Amino acid sequence: MDSLDEKTVHVEELYRGRIITVKRHRVQLPNGEESWREVVEHPGAVAVLPVLADGRLLLVRQYRKAVEEVLIEVPAGKLEGGESPEEAARRELREETGLEAEQLQLLCSFYTSPGFANERIFLFLARMDEPVPQRSPALDADEFVQPVIITLEEGMRWVKDGRIRDAKTVAALQAWQIMLWEKAKK
């Protein structure tokens, strides 16, 4: 058994919504047997870690219905049709914080839950010239967020003590910490 690939034999759509589509795939396994896989299809998303001029980080607090609680997160949102990840990152940053990114750097991309979903998040770092946002966010009509300004050290403590539980935010804080460590080693 050289390959771990699964060949799709049949696909049926179970649900199509505004953001996701759920499909059931009948697959042929590497050993020749067949099985079923349920897959959530998502258009992809972006997340942005804004680093203010003084080095602090700008996060947002918002309610997430799926987990029924308010989370502290990096600004983020889904890719819109025809939009590049960088364009989406700039749009989401502007919508959720009112900021325009002077410098935008792709840190990494990752799958959020590849066991059942194809959602891929492109994670960006945005370096800002402003110490504190001066403009109001341009939120979507159904979006409500509050700014949270913290240091990286506070953010890592909040991950450890459970105040930050959002995976993309944990990844963003860790990626920024690694970048700073690598810069310090040079």
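The values are calculated or read from the model by the stated rules, or taken from the named source; none is laboratory data. All of these numbers come straight from a predicted model, not from anything done at the bench. Neighbour counts run over all protein chains shown; Cβ positions are idealised from the backbone, glycine included.
Please go through the stretch 53-72 and give me each residue that is of a type outside the set (A, V, I, L, M, F, W, C) and surrounded by 13 or more Cβ atoms within 10 Å (Cβ to Cβ), ordered by number. Within the stretch 53-72, Arg56, Arg61, Gln62 meet the criteria. Only one entry in Val22, Val39 is within 25 Å of Gly81 (Cβ to Cβ) and touching a Phe, Trp or Tyr at 6+ places or on another chain (Cβ under 6 Å), namely Val22.
Counting only residues that are among the hydroxyl-bearing types (Ser, Thr, Tyr) and closer than 14 Å to Phe144 by Cα, the stretch 31-75 holds 1 of them.
Within the stretch 11-28, the set of residues being of a type in the set (Lys, Arg), part of a strand (DSSP E or B) and closer than 19 Å to Gly44 by Cα comprises Arg16, Lys23. Does Glu80 satisfy being modelled with pLDDT of 90 or more, outside any loop (DSSP other than H, G, I, E, B) and of a type outside the set (A, V, I, L, M, F, W, C)? Answer is no for this residue.
Condition check ((1) at pLDDT below 95; (2) of a type in the set (Asp, Glu); (3) under 11 Å from Val46 (Cα atoms)) across all residues:
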position: Ala66; (1), (2), (3): no, no, no
position: Leu71; (1), (2), (3): no, no, no
position: Glu87; (1), (2), (3): no, yes, yes
position: Ser109; (1), (2), (3): no, no, yes
position: Pro114; (1), (2), (3): no, no, no
position: Ala117; (1), (2), (3): no, no, no
position: Ile121; (1), (2), (3): no, no, yes
position: Glu154; (1), (2), (3): no, yes, no
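The set of residues from the stretch 44-77 being closer than 14 Å to Thr169 by Cα and outside any strand (DSSP E or B) comprises Val74, Pro75.
Annotation note: of Glu119, Glu87, the sole residue that is touching a residue at least 40 places away in the same chain (Cβ under 8 Å) and either touching a strand residue (DSSP E or B) at 6+ places or on another chain (Cβ under 7 Å) or assigned by TED's automatic domain parsing to the domain that holds Ile164 (or both) is Glu119. Condition test on Gly98, is it at pLDDT below 95, not acidic (Asp, Glu) and not assigned by TED's automatic domain parsing to the domain that holds Val170? Judged against the criteria, Gly98 is not a match.
Within the stretch 83-123, take every residue that is surrounded by fewer than 20 Cβ atoms within 10 Å (Cβ to Cβ) and among the hydroxyl-bearing types (Ser, Thr, Tyr) and give me the one that is nearest to Val22 (Cα to Cα). The extreme case among them is Ser113.
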